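The values are calculated or read from the model by the stated rules, or taken from the named source; none is laboratory data. Every value quoted in this text rests on a predicted model; they were computed, and no experiment measured them. Every residue, glycine among them, receives a Cβ derived from its backbone with ideal geometry; neighbour counts consider all protein chains shown. With ligands, DNA and RNA removed, areas are computed over all heavy atoms of the protein, side chains included. Shrake-Rupley method; radii C 1.70, N 1.55, O 1.52, S 1.80 Å.
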Amino acid sequence: MNTLVEARRPGLRSLVTLIGCEAKMVVRDTAGLVVPLCLPLLIMLTSASAASGTVVANGRTALDLYVLPLVFTMVISIIGIINMPSFLAYYRRSGILRRLGVTPASPAMVLAAQAVVSVLQSLVGITAALIVAFLAFGASPPADLGVAIGVVGLAMAAMYSTGMIVAAVAPTPNSAVAIGLVAFFVLGALGGMFGGRDALPEPLAELGGWLPFGAAVEALSSAWAGATVSAAHLVGLGATIVVGAVVAGLLFRWE
Amino acid sequence: MTSTEPAILAENLAKSYRSTRAVVDVSLRVEVGEAVGVVGANGAGKTTTVEMIAGLRVPDRGWVRVLGLDPRRDRARLRQVLGVQLQQAYLHHALRVTELVDLYRSFYPDPRPTDELLDMVELTEQRRTSFDKLSGGQQQRLSIALAIAGRPRMVILDELTTGLDPKARRRMWHTVEHLRSEGVSVLLVSHTMEEVERLCDRVAVLDAGRVIALDTPAGLVARAGTATLDDAFVALTGRQLEEEPA
């Protein structure tokens with residue numbers, strides 16, 4: 001009898017349906033959208049007026065080179081390190097992953113759907129920040145648009161990879177939020193979220209440049225200025241992706 | 001493997017959680033097209049047995065085949081032909097009934113149509129209601145619909161009607177009878193003797209992690225020398241069968 005059963009995993013149609021469902025879950029959880037989309041925007045609004053008047057390099061202002069990279073990285077980090085893991089931890093805690101585990105859906109499919117929805121959320125947040133920055137504060141586009149897009153993609157992958165570690169080790173949704181918040185603030189503090197990294201002790205400033213938040217801010221800033229992106233920042237982001245994928249692959253569980 | 005492969009063949013299953021021996025020694029054979037009930041008092045090992053059969057837990061000892069497939073090693077193949085309704089309905093709470101049905105349908109190559117599924121479990125009127133707005137019975141019925149969305153050859157139903165009112169229970173029984181008429185094999189965990197007597201060809205009585213009796217409902221009654229299956233259960237196990245809270 002069993003010879004008649006082919007090992008067929010659900011295909012693209014199924015993944016698209018799952019992505020649609022995950023997106024609906026996110027949209028219907030209005031409170032979960034406020035922080036990642038509005039907090040970075042608020043920070044930009046409070047800094048933009050002063051920052052938009054100071055040309056720093058290559059015709060780009062402090063708004064372009066410092067504030068926008070920071071705001072983009074915040075949007076990506078909050079969604080990747082706090083929101084996505086809390087969803088996955090909730091799914092595991094409430095038994096949704098367990099229920100999916102008795103269907104042909106694979107864990108990788110759920111993770112992929114979450115990643116896609118998180119990317120879409122990040123794009124919405126980044127687009128909103130860009131529109132406000134361009135229309136209200138006269139921000140300039142990045143000098144090297146292709147590099148900037150590439151860095152945003154790399155930063156997303158790095159933050160979601162970090163988020164997957166949080167999702168893998170957090171036993172409950174609350175602990176996922178707690179671990180995610182701690183990770184976000186530690187990475188943010190070392191990456192210049194509360195002032196430039198120059199203010200940090202040298203070893204911490206150096207470390208912050210290798211960790212994903214600082215690496216993403218610096219790499220985006222370089223792309224905006226049209227300068228060469230430091231290899232150290234790219235290596236930092238790439239290493240985070242690899243480490244996150246390996247750790248999450250080893251530790252992530254359905255229940 | 002041949003077409004005479006049983007729907008379920010479990011041999012000497014055992015499972016412990018730290019110092020608690022949940023399942024001590026369970027062997028079970030369910031033929032294709034057969035419906036077998038599993039009854040036992042709380043803590044008898046029913047759910048752990050079902051979870052090992054469904055591939056959700058790895059036995060400490062023994063082995064199991066479902067439709068000739070190893071639930072762990074042949075996971076991808078088995079999931080296409082096995083429908084599982086877990087004891088509690090764990091679903092995306094903010095999704096609507098049709099969204100959930102369409103999601104689960106998408107996992108299978110030849111799913112039942114959405115309307116047919118909703119009709120089978122009588123949730124057509126609630127199709128636009130989100131999962132968290134459904135009553136307990138409606139959530140349970142939706143869980144059944146999802147378990148059979150992929151036209152399974154075998155279904156495992158854990159506490160099918162726990163917490164349902166009598167009318168809803170009969171609806172569920174009708175759904176199971178419909179599945180049986182299609183040749184689907186059924187493993188039904190239940191606390192209701194009336195249910196297993198009506199739906200099952202044979203009944204396995206679990207007590208303290210062991211199968212202490214496996215026979216037709218009439219055979220169990222005759223063996224225990226009692227008038228009813230309820231009395232037979234008490235005579236065989238020395239315990240009352242209590243329904244778990246919904």
If you check A:ALA167, A:ALA205, which single one turns out to be more than 15 Å from A:SER77 (Cα to Cα) and either in contact (Cβ under 8 Å) with a residue 12 or more places away in the chain or part of a helix (DSSP H, G or I) (or both)? A:ALA205
On the given criteria, is B:GLY183 at pLDDT 85 or above, open to solvent by less than 50 Å² (accessible area, probe 1.4 Å) and closer than 26 Å to B:VAL121 by Cβ? yes
Is it fair to say B:GLY62 is open to solvent by 10 Å² or more (accessible area, probe 1.4 Å) and either touching a strand residue (DSSP E or B) at 6+ places or on another chain (Cβ under 7 Å) or at the interface with chain A (Cβ under 8 Å from one of its Cβ atoms) (or both)? yes
Only one of (1) within 13 Å of chain A (Cβ to nearest Cβ); (2) at pLDDT 95 or above is not met by B:GLY55, so which one is it? (2)
How many residues are within 21 Å of A:ILE82 (Cβ to Cβ) and not small (Gly, Ala, Ser) if we restrict to the range A:178-230? 15
Which residue pairs have Cβ atoms under 9 Å apart, sit 6 or more places apart or on different chains, and have a first residue in the range B:155-179 that is under 21 Å from B:PRO6 (Cα atoms) and β-branched (Val, Ile, Thr) and a second that is assigned to a loop (DSSP other than H, G, I, E, B) and at pLDDT 90 or above? B:VAL155/B:ILE148; B:VAL155/B:VAL184; B:ILE156/B:ALA54; B:VAL176/B:VAL184
Subset tally (residues that are part of a loop (DSSP other than H, G, I, E, B), charged (D, E, K, R) and more than 8 Å from chain A (Cβ to nearest Cβ)) for the range B:65-98: 3
Report every pair of residues separated by at least 6 positions or lying on different chains whose Cβ atoms are under 9 Å apart, first residue within the range A:24-35 and within 12 Å of chain B (Cβ to nearest Cβ), second buried (at least 17 other Cβ atoms within 10 Å of the Cβ) and hydroxyl-bearing (Ser, Thr, Tyr). A:VAL26/A:SER118; A:ARG28/B:SER130; A:GLY32/A:SER86
Before we move on, is B:VAL101 of a type in the set (A, V, I, L, M) and at the interface with another protein chain (Cβ under 7 Å from one of its Cβ atoms)? no
Exactly one of A:LEU63, A:LEU68, A:LEU41, A:LEU45 is away from chain B (no Cβ under 14 Å), in contact with a Leu (Cβ under 8 Å, 6 or more places away or on another chain) and either at negative phi or in contact (Cβ under 8 Å) with a residue 24 or more places away in the chain (or both), and that residue is A:LEU68
Among the numbered conditions (1) surrounded by fewer than 17 Cβ atoms within 10 Å (Cβ to Cβ); (2) at pLDDT 90 or above; (3) not basic (Lys, Arg), tell me where A:ALA225 comes up short. (1)
Look at A:GLY53 and say whether it is over 30 Å from A:ILE19 (Cα atoms) and either surrounded by fewer than 21 Cβ atoms within 10 Å (Cβ to Cβ) or modelled with pLDDT of 90 or more (or both). yes
Residues in the range A:99-114: is at least one touching a Pro at 6+ places or on another chain (Cβ under 9 Å) and among the β-branched types (Val, Ile, Thr)? yes
How about the range B:158-178: which of its residues are within 21 Å of B:ARG79 (Cα to Cα) and touching a Ser or Thr at 6+ places or on another chain (Cβ under 8 Å)? B:ASP158, B:GLU159, B:LEU160
Restricting attention to the range A:74-100, the residues that are open to solvent by 10 Å² or more (accessible area, probe 1.4 Å), among the polar types (S, T, N, Q) and closer than 17 Å to A:ILE179 by Cα number exactly 2
Can you confirm whether the range B:100-107 contains a residue that is closer than 26 Å to B:ARG75 by Cα, open to solvent by 10 Å² or more (accessible area, probe 1.4 Å) and within 16 Å of the chain's Cα centre (by Cα)? no
